[in-house]
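The values are calculated or read from the model by the stated rules, or taken from the named source; none is laboratory data. Note that this is a predicted model, so its numbers are computed, not measured. FYI the Cβ positions are ideal-geometry reconstructions off the backbone, even for glycines, and counts take in every protein chain you see.
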């Protein structure tokens, strides 16, 4: 444990850094306040939506096994939270989007996932930016210290003290960055846990759909195959052209015989007496 005098010295150095190096201390302090606000907001939001998924899924399966859709809907409303909302949405999609239930459910779950990931990018940005802000404050502090010592002809002890004060900016930035990165990783793991819960609800509803054969339409009888229609040949009348209809598999055009039947001409019988 550090002596009390050293603690007082560090506190004094920090106060001097915060006042003198305001160009670095104020942005880092602002990032620290934002990190704290985002952490409180996300922690409250996640804790309000946490549910016991195992017991909820067991009760949901019991209602679905009994085809009690109304009871499953009431169970989802009683559960509340994101799990209850996603279950209600899944039961609604099961009625109206049976064939493409999986894709419709994924669309709804992605919308809730966006709410879960809200403001987490702020923590990632702070975790990546504040170390550079602290390094910038340190560089500027070292430059100013060396300039003053060069003008006043200071000793080596004063140089060391000036560099130590300048390094406080780097330490302050690293502390804020470490806290932001840790919180960001923890909250992302919570988001993945919610996504896994959504998938469990989805698989439970898909199992019910498959068990009830709701995803595939009933087999309708196939229409009978129609045979090609050929008109019955008509009996050729005397003096009409003979039409020969082809058999199945031949050309579809009828063959017409334009040959007319020959008429036999009988000469008139000679009359008695004849011509003289």
task: Only residues that are over 18 Å from residue 116 (Cβ atoms), out of contact with any helix residue (DSSP H, G or I) (no Cβ under 9 Å at 6 or more places or on another chain) and in contact (Cβ under 8 Å) with a residue 12 or more places away in the chain: list them for the stretch 27-66, please.
output: none
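Please tell me if residue 150 is in a helix (DSSP H, G or I) and under 17 Å from residue 26 (Cβ atoms).
Numbers: in a helix (DSSP H, G or I): yes; under 17 Å from residue 26 (Cβ atoms): no.
The answer is no for residue 150.
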- prompt: Which of the residues that make up the stretch 179-200 are touching a residue at least 40 places away in the same chain (Cβ under 8 Å) and either within 23 Å of residue 39 (Cβ to Cβ) or touching a strand residue (DSSP E or B) at 6+ places or on another chain (Cβ under 7 Å) (or both)?
  reply: 179, 180, 181, 183, 184, 187, 188, 190, 191, 194, 195, 197
- request: Go through the residues of the stretch 1-8 one by one and say whether even a single one is closer than 23 Å to residue 161 by Cβ, surrounded by 15 or more Cβ atoms within 10 Å (Cβ to Cβ) and either at pLDDT below 90 or in contact with a strand residue (DSSP E or B) (Cβ under 9 Å, 6 or more places away or on another chain) (or both).
  value: no
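Looking at 160, 200, 144, can you tell me which residue is in a helix (DSSP H, G or I), touching a helix residue (DSSP H, G or I) at 6+ places or on another chain (Cβ under 7 Å) and surrounded by fewer than 18 Cβ atoms within 10 Å (Cβ to Cβ)?
Details: 160 fails: touching a helix residue (DSSP H, G or I) at 6+ places or on another chain (Cβ under 7 Å); 144 fails: touching a helix residue (DSSP H, G or I) at 6+ places or on another chain (Cβ under 7 Å).
Just a single option satisfies the conditions, and that option is 200.
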Helices (runs of 4 or more DSSP H) contained in the stretch 20-118 and holding at least 3 residues over 22 Å from the mean Cα position of the chain (by Cα) and surrounded by fewer than 20 Cβ atoms within 10 Å (Cβ to Cβ): 22-49, 53-65, 69-79
